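K.L.:
If you scroll down you'll find the structure; I have some questions about it.
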Amino acid sequence: MAYVVTESCIKCKYTDCVDVCPVDCFREGPNMLVIDPDECIDCTLCVAECPVEAIVAEDDVPVMQREFIALNAELSKEWPAITEKKEAPPDADQWASVQDKKKHLQR
């Protein structure tokens, strides 16, 4: 079972999780991160680091967010690895509590 980055990450893209990942399984897109399920070792270290609680165990992904399981798998094959923390977008805090952000996902 891998961990999954869900919709809450879109337009927030905090990268605190990247610093604690022992296997560098995060991939960076234009406005969110995803986890490569083939690389994730289920260590749970990233979960507590995400300020918007966007990272959840695959088995615990809410029903309305289940499409993000496949989306993480797909996009992790296309996007480059990110291995160091970066500054969040300047408006990340404004997007942190916004719901229904999938329409803003940039591929």
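K.L.:
Check whether at least one residue in the stretch 41-56 is without any contact (Cβ under 8 Å) to a residue 60 or more places away in the chain, out of contact with any Asp or Glu (no Cβ under 7 Å at 6 or more places or on another chain) and of a type in the set (D, E, K, R), and report yes or no.
P.N.:
Yes, some residue in the stretch 41-56 is without any contact (Cβ under 8 Å) to a residue 60 or more places away in the chain, out of contact with any Asp or Glu (no Cβ under 7 Å at 6 or more places or on another chain) and of a type in the set (D, E, K, R).
K.L.:
Are any of the residues in the stretch 63-82 under 10 Å from residue 3 (Cα atoms), more than 14 Å from the chain's Cα centre (by Cα) and not hydrophobic (A, V, I, L, M, F, W, C)?
P.N.:
Within the stretch 63-82, none of the residues are under 10 Å from residue 3 (Cα atoms), more than 14 Å from the chain's Cα centre (by Cα) and not hydrophobic (A, V, I, L, M, F, W, C).
K.L.:
Okay, moving on. Within the stretch 15-38, count every residue that is closer than 18 Å to residue 71 by Cβ and not hydrophobic (A, V, I, L, M, F, W, C).
P.N.:
Summing the residues that are closer than 18 Å to residue 71 by Cβ and not hydrophobic (A, V, I, L, M, F, W, C) in the stretch 15-38 gives 8.
Where a number appears in this text, it was derived from the coordinates with a stated rule and is not lab data. The structure presented is a predicted model; accordingly, all values stated were derived computationally and were not measured. All Cβ positions, glycine included, derive from the backbone under ideal geometry; neighbour counts span all protein chains shown.
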